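K.L.:
Here it is: the structure, laid out below.
Just so you know, all these numbers are worked out from the coordinates, no wet-lab data involved. Since we're looking at a predicted model, the values are computed, not measured. In this analysis, Cβ positions are derived from the backbone assuming ideal geometry, glycine residues included, and neighbour counts consider all displayed protein chains.
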Amino acid sequence: MTAKHLSLSERSAYRRLEDVVGCKWSAAVVGALLRGVNRPGKLERYIPGISTKVLTERLRKLLDYGLITRDDRSESATLHVEYQLTPTGKRLAHIIEQLHELQAEHSPPPASTPPPGKKKN
């Protein structure tokens, strides 16, 4: 019996999934939005190590996939932008949280580090 190959649409779906879930920054952005951090500047401060360029790229990608929405509001002379998770984005966020919990449960404990000046045996 021969194994059935993935169809073109199945391969495309897996690539999209990998692009979202496989990127550490996407998971971090989705997690931050789940916690209510919704302004670009706040997201950048909330997620250590993410650059403005990468954050912008990830937000655009998540928008393209329909996982978040963007709300542009003019407040006086400044533009106020907020992002929110869509219902599908919230479902994904909860799945990412479950994966994180699973990983934490099955990770070996961190190696103890000796006090300064002492060597591990």
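K.L.:
Not counting the cut sites, what is the longest span of the chain without trypsin sites (Lys or Arg not before Pro) that DSSP labels loop and that have at most 11 other Cβ atoms within 10 Å?
P.N.:
Here the longest segment lacking exposed loop sites spans 36-117.
K.L.:
From the Cα gyration tensor of the chain, with a ≥ b ≥ c the square roots of its eigenvalues, which class applies: rounded if a/c is under 1.5, or else prolate if a/b is larger than b/c, or else oblate?
P.N.:
Here the chain falls in the oblate category.
K.L.:
Relative contact order (percent) for the chain, with alpha-carbon contacts under 8 angstrom and 6 or more residues of separation?
P.N.:
Relative contact order for the chain comes out at 21 percent.
K.L.:
Roughly how many nanometres apart are two label points built 7 Å out from the Cα toward the Cβ at residue 17 and residue 91?
P.N.:
Taking the two extended label points, one gets 1.3 nm.
K.L.:
List 95, 68, 50 from most exposed to least, where exposure is judged by having the fewest other Cβ atoms within 10 Å.
P.N.:
95, 50, 68
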